[in-house]
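Colleague: Mind looking over this structure? Questions follow.
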Amino acid sequence: MKVSIVGITGYVGAELARLLGRRPDVELLEVVGRSAAGQPLSKVFPNLGPLNLTVSGELQRQNEADFIFLALPHHASAETAAAILEQSPSTKVIDMSADFRLRDRATYEKWYGAHPAAYLLPEAVYGLPEIYRDKINPQTRLIANPGCYPTCSTLALAPALSSRLGQPIIEPDVIINALSGTSGAGRGLKQNLHYPEMTSSTTAYGLEGHRHLPEIEQTLQDIYGSPVSVSFTPHLVPLSRGMLATCYARLSDSFLSAHTDQAEASRAIREYYREFYANDPFVQVVDESPYTKQVAGSNYCFIYPTVNLAGRRLISVAVVDNLTKGAAGEGIQNMNLLAGLPETTGLDMLGLYP
Ligand SMILES: NC(=O)c1ccc[n+]([C@@H]2O[C@H](COP(=O)([O-])OP(=O)(O)OC[C@H]3O[C@@H](n4cnc5c(N)ncnc54)[C@H](OP(=O)(O)O)[C@@H]3O)[C@@H](O)[C@H]2O)c1
């Protein structure tokens with residue numbers, strides 16, 4: 001497969017190259033980054049030096065590409081996607097930005113401003129394979145790859161809200177406290193991300209609303225079948241990569257009447273989650289609360305669901321690497337599905353530990 005990456009000078013572009021660059025079935029056709037045009041990729045990201053690639057200033061061979069990943073900011077992504085899909089009808093686009101994630105144009109425009117290519121919204125498929133796998137197939141031309149917070153939080157809550165295995169086990173009112181490493185904000189320099197300001201410190205942000213909120217609401221509504229009330233508070237933590245979401249919701253009366261022993265109820269929740277994710281190779285339901293490091297550099301999402309019966313709550317903790325399952329790895333999982341390959345192709349690496 002011939003694959004191009006636009007946005008190679010950013011963290012997601014670099015992670016895509018790291019994961020794709022050694023695949024025997026992938027040729028990296030073009031790696032595009034305006035600020036490093038003509039330079040060896042090794043100058044931008046020395047770890048990628050062994051790939052022996054040179055950065056292009058713009059896409060020149062888009063007609064030859066089977067897949068083009070867009071690792072660009074929103075708006076720039078939609079403009080590029082529209083141009084590619086118009087000029088190269090057989091090329092598939094996997095967009096890592098938020099531009100095509102929200103199906104409703106008005107909701108998008110409330111959070112991101114005017115949409116540069118709203119006519120493509122109906123065509124885009126939200127690429128969270130564990131929930132929408134049946135829509136991600138060789139006919140799909142445009143994938144809206146999920147945000148990192150939405151991937152982590154949605155996977156932590158999906159089984160409890162779904163009625164696939166029986167009645168939902170929680171009420172449709174959830175609280176998500178999520179932590180992100182600073183690479184989640186991209187490679188650009190920002191004062192609050194400088195080492196002296198960030199290290200040994202942490203903060204909550206987006207308290208009055210965060211752009212990932214409508215995305216989480218959209219998917220949880222699809223799973224539950226009607227709107228779910230979501231309180232989402234992101235936090236910045238001094239990690240270079242990694243994400244952890246702790247999600248809470250009130251347990252349903254039927255769950256509470258069926259389970260009165262704390263240890264049994266906690267085991268039952270984990271079994272329920274395991275059954276829900278039985279066919280999802282990248283979701284592991286674990287028996288202890290996970291650490292972000294356990295999934296670093298891997299495409300796994302580890303989830304520890306449990307209950308606090310006295311407080312009548314489900315507590316579900318999930319970890320992902322924001323750059324891998326939270327971005328590039330999930331994008332490649334989608335590419336595999338579009339190509340009709342097993343979704344684990346090229347993604348079966350384990351977390352880098354310790
Ligand atoms: N970081 C994460 O954990 C994460 C997770 C999920 C999704 N995402 C999304 O993935 C996308 C890339 O994120 P990132 O963290 O890699 O960001 P980043 O490190 O800031 O990189 C952004 C890239 O876009 C290029 N760019 C910036 N402005 C542009 C413009 N106006 N037109 C064309 N290219 C432009 C930059 O390169 P040049 O200036 O050299 O062209 C750079 O390569 C974003 O939409 C982000 O929201 C990020």
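Colleague: Determine, yes or no, whether G10 is farther than 18 Å from L341 by Cβ and small (G, A, S).
Modeller: yes
Colleague: From the set of residues in segment 1-57 that are assigned to a helix (DSSP H, G or I) and basic (K, R), which is farthest from Y300 (Cα to Cα)?
Modeller: Ranking the candidates gives R34 first.
Colleague: Quick check: anything in segment 101-117 surrounded by 21 or more Cβ atoms within 10 Å (Cβ to Cβ), within 26 Å of N322 (Cβ to Cβ) and within 13 Å of the ligand (Cβ to nearest atom)?
Modeller: yes
Colleague: Are there any pairs, at least 6 apart or on different chains, whose C-beta atoms fall under 6 Å, with the first in segment 169-182 and within 11 Å of Y248 (Cα to Cα) and the second at pLDDT 95 or above and within 16 Å of the ligand (Cβ to nearest atom), and if so, which?
Modeller: I176/S153; I176/F232; I176/A245
Colleague: While we're here: Looking at V307, V320, which is the one that is in contact (Cβ under 8 Å) with a residue 40 or more places away in the chain, closer than 24 Å to I143 by Cα and hydrophobic (A, V, I, L, M, F, W, C)?
Modeller: After applying the criteria, what remains is V320.
Colleague: When you check V93 against the structure, is it surrounded by 23 or more Cβ atoms within 10 Å (Cβ to Cβ), among the hydrophobic types (A, V, I, L, M, F, W, C) and either touching a Pro at 6+ places or on another chain (Cβ under 9 Å) or not in a helix (DSSP H, G or I) (or both), yes or no?
Modeller: yes
Colleague: Go through segment 124-148 residue by residue and tally those that are in a helix (DSSP H, G or I), farther than 18 Å from S226 by Cβ and either of a type in the set (A, V, I, L, M, F, W, C) or touching a Ser or Thr at 6+ places or on another chain (Cβ under 7 Å) (or both).
Modeller: 1
Colleague: So which pairs qualify, if the first residue must be in segment 129-151 and in contact (Cβ under 8 Å) with a residue 60 or more places away in the chain and over 17 Å from T344 (Cα atoms), the second must be of a type in the set (S, T, N, Q) and part of a helix (DSSP H, G or I), the Cβ gap must be under 9 Å, and the two must be at least 6 apart or on different chains?
Modeller: Between residues of segment 129-151 that are in contact (Cβ under 8 Å) with a residue 60 or more places away in the chain and over 17 Å from T344 (Cα atoms) and residues that are of a type in the set (S, T, N, Q) and part of a helix (DSSP H, G or I), the close pairs are T140/N334; I143/N334; P146/T154; P146/T219; P150/Q218; P150/T219.
Colleague: All but one of (1) without any contact (Cβ under 8 Å) to a residue 40 or more places away in the chain; (2) within 16 Å of the ligand (Cβ to nearest atom); (3) not in a loop (DSSP other than H, G, I, E, B) hold for Q221; state the number of the condition that does not hold.
Modeller: (2)
Colleague: Does segment 65-83 hold any residues that are assigned to a helix (DSSP H, G or I), of a type in the set (A, V, I, L, M, F, W, C) and within 13 Å of the ligand (Cβ to nearest atom), and which are they?
Modeller: Matches in segment 65-83: A76, A78, A81, A83.
Colleague: In the set E197, E208, E215, E171, which member is assigned to a helix (DSSP H, G or I), among the acidic types (D, E) and more than 16 Å from the ligand (Cβ to nearest atom)?
Modeller: E197
Colleague: Exactly one condition in (1) part of a strand (DSSP E or B); (2) within 16 Å of the ligand (Cβ to nearest atom) is not met by V230; state its number.
Modeller: (2)
Colleague: Tell me which of these G188 doesn't satisfy, since it passes every other one: (1) within 13 Å of the ligand (Cβ to nearest atom); (2) assigned to a loop (DSSP other than H, G, I, E, B); (3) outside the structural domain of Y272 (by TED's automatic domain parsing).
Modeller: Of (1) within 13 Å of the ligand (Cβ to nearest atom); (2) assigned to a loop (DSSP other than H, G, I, E, B); (3) outside the structural domain of Y272 (by TED's automatic domain parsing), only one is false for G188: (3).
Colleague: Right, here's the next one. Go through (1) more than 12 Å from the ligand (Cβ to nearest atom); (2) hydrophobic (A, V, I, L, M, F, W, C); (3) within 22 Å of the chain's Cα centre (by Cα) and name the single condition I8 misses.
Modeller: (1)
The values are calculated or read from the model by the stated rules, or taken from the named source; none is laboratory data. Predicted model, so just to flag it, every value in this text is computed and none were measured. Note that each Cβ is placed from the backbone with ideal geometry, even for glycine, and that neighbours are counted across all protein chains shown.
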